[in-house]
Amino acid sequence: RGNFAQTAMSASINPLEFEVFANATSVVTITNIGGYTLSDIVIPTPIVISGSAVATIGANTCNGSLAINGSCTYSVNITDSIVEQDQSLNLGFSAKYAGPNGETVYNRSLLLSYTSAPL
């Protein structure tokens, strides 16, 4: 048993390309690959690092706890009113686990790149 939590995080479509004004979705999968069961999972609003996209969280099964070898998913809905190339968002989650030093906060993030193309 490890001394820390480990997760794998991936997006179904990355980079994401969509037409300007359209709505695009990528599904993020979080897999607990070992260490400890995660609890109190929180999915924050995506952070726009570059570009002018608006991103919101859609369907979300990542709530409560995530056992070792378990997975959960959430969708990120993105739209942009400006034609832009190679922009990015920061997606993530936070959780807690009961480790050898007591309750520990665990954070993980994933960079999602996008291009909003002309109509």
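Condition first: surrounded by 15 or more Cβ atoms within 10 Å (Cβ to Cβ) and under 13 Å from the mean Cα position of the chain (by Cα). Now tell me which residues in the range 86-98 satisfy that.
Taking the range 86-98 first, the residues surrounded by 15 or more Cβ atoms within 10 Å (Cβ to Cβ) are 87-89, 91-97.
Hits for the range 86-98 are SER88, LEU89, LEU91, GLY92, PHE93, SER94, ALA95.
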In the range 58-85, residue nearest to LEU38 (Cα to Cα) [restricted to those that are more than 16 Å from the chain's Cα centre (by Cα) and touching a residue at least 40 places away in the same chain (Cβ under 8 Å)]: THR79
Condition first: of a type in the set (S, T, N, Q) and open to solvent by less than 50 Å² (accessible area, probe 1.4 Å). Can you find one or more residues in the range 57-69 that meet it? no
Find the residue count for the range 1-25, including only residues that are closer than 12 Å to LEU110 by Cβ, assigned to a strand (DSSP E or B) and without any contact (Cβ under 8 Å) to a residue 40 or more places away in the chain. 1
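Could you check, for the range 75-83, whether at least one of its residues is in a loop (DSSP other than H, G, I, E, B), open to solvent by 30 Å² or more (accessible area, probe 1.4 Å), closer than 19 Å to PRO15 by Cα and touching an Asp or Glu at 6+ places or on another chain (Cβ under 6 Å)? Before you say what the answer is, go through the steps one by one.
Pass one, the range 75-83, residues in a loop (DSSP other than H, G, I, E, B): 80-83.
Now drop any that are not open to solvent by 30 Å² or more (accessible area, probe 1.4 Å), which leaves 81-83.
Of the ones still in play, those that are also closer than 19 Å to PRO15 by Cα are 81-83.
The next check asks that each one be touching an Asp or Glu at 6+ places or on another chain (Cβ under 6 Å); those that pass are none.
Taking every residue of the range 75-83 in turn, none turns out to be in a loop (DSSP other than H, G, I, E, B), open to solvent by 30 Å² or more (accessible area, probe 1.4 Å), closer than 19 Å to PRO15 by Cα and touching an Asp or Glu at 6+ places or on another chain (Cβ under 6 Å).
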Hey, LEU16 hits all of (1) surrounded by 14 or more Cβ atoms within 10 Å (Cβ to Cβ); (2) more than 16 Å from the chain's Cα centre (by Cα) but one; which does it fall short on? (2)
Scope the range 99-119; condition under 13 Å from ALA5 (Cα atoms) and surrounded by 13 or more Cβ atoms within 10 Å (Cβ to Cβ); matching residues: GLY99, THR104, TYR106, ARG108
Going by what's in this entry, would VAL28 be described as surrounded by 15 or more Cβ atoms within 10 Å (Cβ to Cβ), among the β-branched types (Val, Ile, Thr) and in a strand (DSSP E or B)? yes
Determine whether VAL54 is within 13 Å of the chain's Cα centre (by Cα), aliphatic (A, V, I, L, M) and under 18 Å from THR115 (Cα atoms). no
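Does LEU119 meet the test of being touching a Ser or Thr at 6+ places or on another chain (Cβ under 7 Å), in contact (Cβ under 8 Å) with a residue 60 or more places away in the chain and not charged (D, E, K, R)? Break it down into steps so the answer makes sense when it comes.
Values: touching a Ser or Thr at 6+ places or on another chain (Cβ under 7 Å): no; in contact (Cβ under 8 Å) with a residue 60 or more places away in the chain: yes; not charged (D, E, K, R): yes.
Spelling it out, it is not the case that LEU119 is touching a Ser or Thr at 6+ places or on another chain (Cβ under 7 Å), in contact (Cβ under 8 Å) with a residue 60 or more places away in the chain and not charged (D, E, K, R).
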Expected output for the range 35-51 (first residue open to solvent by less than 60 Å² (accessible area, probe 1.4 Å), partner hydroxyl-bearing (Ser, Thr, Tyr), Cβ below 6 Å, 6+ apart or cross-chain) is TYR36/TYR97; LEU38/TYR97; SER39/SER65; ILE43/TYR74; SER50/SER88
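The values are calculated or read from the model by the stated rules, or taken from the named source; none is laboratory data. Just so we're clear, the structure is a prediction, and the values are computed from it rather than from any experiment. Here Cβ is always computed from backbone atoms with ideal geometry, including for glycine, and neighbour counts include all displayed protein chains. Only protein heavy atoms, including side chains, enter the accessible area calculation; ligands, DNA and RNA are left aside. Shrake-Rupley method; radii C 1.70, N 1.55, O 1.52, S 1.80 Å.
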